[in-house]
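Each remark here refers to the structure printed beneath this line.
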Amino acid sequence: MYSYDDIDREMLIDRVAEFRAQCARRLAGEITEEQFKPIRLMNGLYLQLHAYMLRIAIPYGTLSSAQMRTLAHVARTYDRGYGHFTTRTNLQLHWIKLRDAPQILDDLATVGLHAIQTSGNCIRNLTADPLAGVAADEVDDPRIWAEAIRQWSTFHPEFSYLPRKFKIAVTAARRDRAATRIYDIGLRLHRAESGELAFEVLVGGGLGRIPYLGPTVRQSLPARHLLSYLQAILRVYNRHGRRDNIHKARIKVLVASLGAEEFTRQVEEEWDRTDKALVDLPDLELARIRANFAPSGFATLAPASAAFESAKAADHAFARFARNNIVAHKTPGYCAINISLKVPGETPGDCSAEQMDLVADLADRYSLDEIRVAYEQNLILPHVRLDDAPTVYAALAGAGLATANIGLISDIIACPGLDYCTLANARAIPVAQDIARRFADPDLAERIGELNIKISGCINACGHHHVGHIGILGVDKKGEEFYQLTLGGSGDDDAALGQILGPALPADRVTPAVDQLVQVYLRERRGEERFVETFRRTGLAPFKEAVYADAH
Amino acid sequence: MKALTANRLSDGEVVFWAQGAWVERFGEAEAIEDDSRAETVEALARAQVTQIVDPYLIDIQPVADGFAPISYRERVRALGPTNKPDHGKQAIGGGDVELLNRAHGSARSSGRVNLIKRK
């Protein structure tokens, strides 16, 4: 994985020193909150309901063991011994003190971690396919390109004051595991007919108040021109994106109002007059970045593992874990292990400092020192020998980290909601906890199969409710918490925005309603149909009828 | 009836106004009956830039043996997150915590004075 060089390290040291001085001035009253707020936000420090919240960037969701141990150290020393992994693959700490913030950033900088690009109207921390370097269906490691964008975008003077925040997701695989259609820019690397690497460029996706799936503005951009093309997109956005209305300032609104065709024309025109050589990454630099991601440390192994197979045969629980949480690796004899942070009844995405330390130890010993964060708020050990999988499973099980529910109904995405967030209208976590408890029986969850529930506590949609197979949006209805259900959304290859089921429900009706939706699915499904496929075939009617029967 | 709340600058702790001082427990907050006095207190608080951040008035109402914020959001602030009963002021327990736990209704929009205007 990528190691920060002297330039990166110097940048972080300077940045922390600068922030330390700014914090001291704020605490001494030399600058006002109005002056300080944009500064602390640019260092990832928000003020939430109960305390300050620090959002730590995890670029393209990749961590080393040392980095994970440092996150554990920070959670233990400066917070309450846990952290919350988010749908943007960042880590949020909810109980931070302003006076500790500079020291925390100092501690993080020792392992190349920081909170840069986690707030403000800049190009934010990038996300990528969490199975980068693992999946057989990828044409390249998408993190090479994500890292190139990171270096280009960090503190980019022209793009530090965009009309609104700007998020980019990158994948290099056939299957979209990075939700590229709901990003400001989604990049899908593939091999063009000519044989060269090329990006499909999607622009103007996003959730929030006005959700859109991003249209493709360029089918096949030669990969070497990535940065100049991004510059052209951002220039058109900077020029025409709305700054008068925060709710209409994202690029999705510009793309929708101009139309994808006209937007593309303007981007191409801008790109045509760009001196590409000045912007595009030199081959030498690309090669340097690429070398950081070259697979190393893999042993030559047989594709099958007797130890793995016999553990599955001997242990029913491990067999279930293998079915749901272990995925194939392109290197023979290896696998990737998904670590669910969704124990039914617990807070989705939360991870204790002790669990972080354990995951770091396991990565160090069994996964070539690497950990991934997936946007579904789970972790991954990406490079585990099949032979070691039973041992890793046992260690995870001992720490409450072996819930075998990846992609199942209890693997629920939930934002922090009204329990922590100043923007929220309603709670999301207790709703997730209640639903997960209802479906905690692993046999039941497996019988239901793939079903993604995504919950947001407000219309900003951090919990991706628009693209949940079942989406749940918390609303404030005459002063009470109510929940609006949508069905049929997806952030994957079959991306779609969910359709509203009917009037919002009070909190205590949500889990019974989900139960009714599941019953309809189990009754209506044909063969191996997933929930979302049954829904697409039948439409809303049978589901709506079941949930609102009492209202007729 | 109103109370004045803010977050403490140095650590973000939720605090309430009580006769010129800032206290951590809602049970010790001053219940301000007079609207013009509430505005005066808010203006005083705004000047305390090295102590607190973002002071604002909230509506409160009498409940058995005391007062509670009308807004659910403000009760969450006064108590702590509902998913972690061992975090926030609720962890300390006491009569005022029990009283807040018994209050119900009103999610976010109500009870924070000038919420929309302030954004």
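None of the figures in this text is laboratory data; all of them are computed from the coordinates on show. This structure is a prediction, so every number in the text was calculated from the model and none was measured. Reconstructed Cβ throughout: ideal geometry from the backbone, glycine too, with neighbour counts over all protein chains shown.
Report the normalised scattering of segment A:246-363 as log10 I(q)/I(0) at q = 0.09, 0.10, 0.21 Å⁻¹, calculated by the Debye formula with identical scatterers on the alpha carbons.
Debye output, listed in q order: -0.63, -0.73, -1.23.
Enumerate the amide H contacts of A:Val217 below 5 Å, restricted to partners 5 or more residues apart or on another chain; note that Pro and chain-start residues carry no placed amide H.
Under 5 Å from the amide H of A:Val217 lie the amide H atoms of A:Val201, A:Leu202, A:Val203, each far enough along the sequence or on another chain.
For segment A:136-228, compute Rh as the Kirkwood radius over C-alpha pairs and then the Stokes-Einstein diffusion coefficient at 20 °C and 1.002 mPa s; write the answer in µm²/s, rounded to an integer.
It diffuses with D of about 156 µm²/s by this estimate.
Among residues other than A:Phe318 whose Cβ falls under 15 Å from its Cβ, what is the net charge (Lys/Arg +1, Asp/Glu -1)?
-2
Exposed loop sites here are trypsin sites (Lys or Arg not before Pro) in DSSP loop states with at most 12 other C-beta atoms within 10 Å. What is the longest stretch of chain A lacking them?
The segment A:1-272 is the longest one with no such site.
Using Cα pairs under 8 angstrom and six or more residues apart, how large is the relative contact order of segment B:2-113, in percent?
26 percent
Tell me, Kirkwood radius of segment A:486-552 from alpha-carbon pair distances, in Å?
12.5 Å
Here is the link list: A:Lys312/B:Lys84; A:Lys37/B:Lys84; A:Lys342/A:Lys478; A:Lys248/B:Lys2; A:Lys342/B:Lys89; A:Lys478/A:Lys544. Which ones come out longer than 30 Å on Cα distance?
Cα-Cα > 30 Å for A:Lys312/B:Lys84; A:Lys342/A:Lys478; A:Lys248/B:Lys2; rest within.
Ratio of alpha-carbon Rg to the 2.2 N^0.38 Å globular estimate for segment A:306-397, to two decimals, please.
Dividing the Cα Rg of segment A:306-397 by 2.2 N^0.38 Å gives 1.04.
Per-residue ellipticity at 222 nm for chain A, helices alone: DSSP H runs ≥ 4 residues times -39500 (n - 2.57), over residue total, nearest 500 deg cm²/dmol?
The per-residue figure over chain A is -11500 deg cm²/dmol.
Could I get the Rg over Rh figure for segment A:1-110? Both from C-alpha atoms, Rh via Kirkwood, rounded to two places.
Working: Rg = 14.0 Å, Rh = 14.6 Å.
My calculation of the ratio gives 0.96.
So which DSSP H runs in chain A come out at 15 Å plus along the axis (Cα) with average Kyte-Doolittle of at least 0.0?
Values: long enough: A:6-27 (32 Å, -0.46); A:65-78 (19 Å, -0.28); A:142-153 (16 Å, -0.63); A:226-240 (21 Å, 0.21); A:260-272 (18 Å, -1.68); A:353-366 (19 Å, -0.30); A:510-524 (21 Å, 0.27).
Helix filter hits for chain A: A:226-240, A:510-524.
Based on a Kirkwood Rh over C-alpha pairs, give the Stokes-Einstein translational diffusion coefficient of segment A:91-144 at 37 °C and viscosity 0.692 mPa s in µm²/s.
Translational diffusion coefficient: 234 µm²/s.
What residues have an amide H closer than 5 Å to that of A:Asp280, excluding those fewer than 5 places away on the same chain, when H is modeled at 1.01 Å from N in the peptide plane?
A:Ser228
Of the DSSP beta bridges with both residues in segment A:411-513, give the percent that are antiparallel, rounding to the nearest 5.
Numbers: 13 of 19 bridges.
If I count the DSSP bridges inside segment A:411-513, around 70 percent turn out antiparallel.
Using 0.36 nm per residue, how much length does the chain from A:Arg175 to A:Ala277 gain when fully extended, once their Cα-Cα distance is taken away?
In short, 33.5 nm is gained.
Stretch A:Ser296-A:His316 to full length: gain in nm at 0.36 nm per residue minus the Cα-Cα span?
Details: separation 20, 0.36 × 20 = 7.20 nm, distance 3.35 nm.
Answer, rounded to one decimal: 3.8 nm.
Can you divide the C-alpha Rg of segment A:416-551 by 2.2 N^0.38 Å and report the result to two decimal places?
Scaled against compact globular proteins, the figure is 1.00.
Hey, got the Cα dimensions of chain B along the principal axes, in Å, largest first?
34, 29, 27
Output the direction-averaged projected area (hull surface divided by four) of the convex hull of the alpha-carbon atoms of segment A:213-263, in nm².
Computed as one quarter of the Cα hull surface, the answer is 3.9 nm².
As a footprinting exposure proxy, order A:Val74, A:Val111, A:Val139, A:Val16 by other Cβ within 10 Å, with the fewest listed first.
Placing the least packed residue first, the sequence is A:Val139, A:Val111, A:Val16, A:Val74.
Quick one: compute the contact order of chain A, relative version, from alpha carbon pairs under 8 angstrom and 6+ residues apart, as a percent.
Numbers: 1178 pairs, mean separation 67.0, N = 552.
Relative CO of chain A lands at 12 percent.
Out of residues 5 or more away from A:Leu505 or on other chains, whose amide H comes under 5 Å of its own, with H placed 1.01 Å from N in the peptide plane?
Sorted by chain and number, the residues that satisfy this are A:Tyr483, A:Gln484, A:Leu485.
Whole-Hz Karplus ³J(HN,Hα) for segment A:114-130, in order, using 6.51 cos²θ - 1.76 cosθ + 1.60 and θ = phi - 60°, x for Gly and Pro?
6, 10, 6, 6, 10, 7, x, 8, 10, 6, 7, 3, 7, 10, 8, 3, x
If each of B:Val63 and A:Glu158 carries a label point 7 Å out from its Cα toward its Cβ, how far apart are those two points in nm?
A separation of 5.6 nm, rounded to one decimal place.
In sequence order, what are the phi-derived ³J(HN,Hα) couplings for segment A:329-334 according to the Karplus relation 6.51 cos²θ - 1.76 cosθ + 1.60 with θ = phi - 60°, rounded to whole Hz, with x for glycine and proline?
10, 6, 8, x, x, 10
Using θ = phi - 60° and the Karplus relation 6.51 cos²θ - 1.76 cosθ + 1.60, list the HN-Hα couplings for segment A:177-188 in order, rounded to whole Hz, with x at every Gly or Pro.
Per-residue couplings from phi come out as 9, 10, 6, 5, 7, 10, 10, 4, 10, x, 10, 10 Hz.
Share of Cα-Cα pairs in the protein assembly as shown beyond 41 Å, in percent?
28 percent
Could you give the longest part of chain A that holds none of the chymotrypsin sites (Phe, Trp or Tyr not before Pro) found in DSSP loops with at most 16 neighbouring Cβ atoms within 10 Å? Don't skip to the end; give the middle numbers.
Values: sites that count: A:Tyr4, A:Phe155, A:Tyr161, A:Phe298.
The segment A:299-552 is the longest one with no such site.
Got a sec? How would A:Ser456, A:Ser305, A:Ser310, A:Ser160 order by Cβ neighbour count within 10 Å, fewest to most? Before the final figure, lay out each step's value.
Values: A:Ser456 29, A:Ser305 20, A:Ser310 11, A:Ser160 15.
Sorted ascending by nearby Cβ count, the order is A:Ser310, A:Ser160, A:Ser305, A:Ser456.
Taking neighbour Cβ counts within 10 Å as the exposure measure, how do A:Leu522, A:Leu63, A:Leu258 sort from fewest upward? If you can, show how the numbers build up before the last one.
Details: A:Leu522 13, A:Leu63 27, A:Leu258 16.
With the sparsest Cβ surroundings first, the list reads A:Leu522, A:Leu258, A:Leu63.
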